[in-house]
Each structure stands twice: as C-alpha cells, then as structure tokens.
1. Give the Kirkwood hydrodynamic radius (Å, one decimal) of segment 107-210, defined as one over the mean of 1/r across all pairs of different Cα atoms.
2. Sort 146, 155 so the one with the fewest other Cβ atoms within 10 Å of its own Cβ comes first.
3. Which number comes out as Rg/Rh for segment 34-203 once both Rg and the Kirkwood Rh are worked out on C-alpha atoms?
4. Going out from 0 in 10 Å bins, what whole percent of all Cα-Cα distances in segment 85-127 drops into each bin?
5. When a footprinting reagent is the concern and you count Cβ atoms within 10 Å, what order do 33, 61, 208 take, fewest first?
6. What number, in nm² with one decimal, is the all-direction average of the projected area of the convex hull of the alpha-carbon atoms of segment 21-124?
7. Given a Förster distance of 45 angstrom, what is the FRET efficiency for residue 230 paired with residue 124, based on the Cβ-Cβ distance and rounded to 0.05?
8. What translational diffusion coefficient, to the nearest whole µm²/s, does segment 126-174 have by Stokes-Einstein, given a Kirkwood radius computed over alpha-carbon pairs, a temperature of 37 °C and 0.692 mPa s viscosity?
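Just so it is clear, none of the values below were taken in a lab; they were calculated from the coordinates. All figures in this text were calculated on a predicted structure; none of them were measured in a lab. Cβ: placed from backbone, ideal geometry, glycine included. Neighbour counts: every protein chain shown.
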C-alpha cells in the first residue's frame, strides 16, 4: 500500500532577532520550533537490545522527529523554524541520524521511509539540501531491537551525518530575508514500522570553550560544571544572533590546597595592609599565580603539598 501524506500547516513562532533559536535543543525542549506530529527533545535513544545508545553530538539534548505514535496519520512529523540570516554568515550546518526499523528487511522495497531537510527563501523558492531514505541510506549499521512500538527485532542507523546549505547570498544584504527551515520524517508504504530522525547542533560557526574549575579541600569552587553549562546556554542565546554556536570542548578540575586562594577577594582596602596580606586590595602573589594557572591552556595542576606546582 502506498499512502499519501498530508501535514497540517505549521504555525512558526514570531521572529524577534537574527539567528536560529534553540538550535542545539539545550533548553531540554523544542521551544522556538513549530512542529506537527511526533517531535520532542531527548537526551538519548536506546539502549537497544545490543546495548547501543545514541547521544547528541553536542551538549546534552537533541531533537527527535518520528513516524510512530503521535505522527500525523502515523506517517509523518515535521519540525520548522523561520529565521533571519545574520550578517557575515556563509553556511548553515546541522547533524542528523536516521534510525529505522525498515532496516534491513525492506531495503529496496516500497517501504522507503525518508528524511528531508528543506530550506525556503524568497525569491529563490524551496530547496532540499539534505535527504536520506531507507533505499538511499548507504552504509547503515544494524543495532539490534530499538523497541519501537509495534516493531520487530531489527533496527538500523545511518550514524551521525552532516547537512549543510550555503546562505551567503542572504547575509549582510541590509534587507531582512526570512528563511524557513523544515525537517520532515516521512513513512512510506505503510505505518507499521517506525523511523526516528535525530537532529542536533545547528550552527553557522562554532566557538569552543575550554573550562578550568578551581576546587579547594573543604569548600566547593564558585564554578562547577552545571554553572559552566548554564553560562554557555546563556551565551548561545545571545551569540546566535551573530550566527555563533558556543560549545564546551573540555572541562578540567584544578585542586587548590588553600581555600583562600580559590575564594579570591579583590575589594579595595584603604589601610596599608589587608588582614590576609593584600596591599590596597591587590591580589597576593599566590592568588595571582592561581588565577594565571586557571587561564593557562596547559594541563598543569596544583601540588597537594604546595600552593602551586
């Protein structure tokens, strides 16, 4: 049976500023995206019967659109956002992984579930810039039973791939050109076996963050991983206007033997000497060394018996 797919019109959230909002889904939801059918944010897919767990390519969250429960007519789901191309942007990139129960039995059949990434501009019209289907996947990997409702014991994935589209013609034109970005997962032939498409890491360009966390022996450092992650999310909300995606690349902890070095205090003091050895609010040599170490790109740590190694 070949089924026609009808998707209801998507109502996109209003555009308030340049760039893509929530492009890495790190809010833990799909806010700023319009959708039909089954679309959600998730932290992982799996484990499958063989222990495979699929996680995001960046951050802790990714989007999932699928043809299963909640899909329109159990045949299709879509995710859409309209945005304005920031000045200086040349390319939009994103990551996707096509996971389907149609593998491997129905490769080459009419059950050709498909993922499409489509961009629509004025006056250029519509263009599909990323596409993969069961019959045109190439190099998929069997990962066991994905435990999708109503499925069988076999499932496969394409693995994470990159889609990209050139947007340089629409950037820095002094005219607001609205771009519509649409992702669709479409079931073909029947609605028995499900296909999930995972989407993550939409970016124009990327700034990588290497963080160092200073920790004392009896108190927690002012900065911890959750705080760093939250500040990166806040930076993304702002810098996405310039087409920049901020990602954490590496986090390193530095152990400090003296808690007072972690809790640095640079308040001005009018006396000749502060109680802890500062002169007119200036940092001590030890504190300056700790802060310098925190800013240094190398792997040095503090010795357990010395203030600084």
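1. 16.3 Å
2. Values: 146 26, 155 30.
In increasing order of surrounding Cβ atoms, one gets 146, 155.
3. Rg/Rh: 1.00.
4. Distribution as computed: 18, 35, 25, 17, 4 percent.
5. Going from least to most buried by this count: 208, 61, 33.
6. Mean orientational projected area (segment 21-124, Cα hull): 9.0 nm².
7. E between residue 230 and residue 124, to the nearest 0.05, is 0.70.
8. My calculation gives 233 µm²/s for D.
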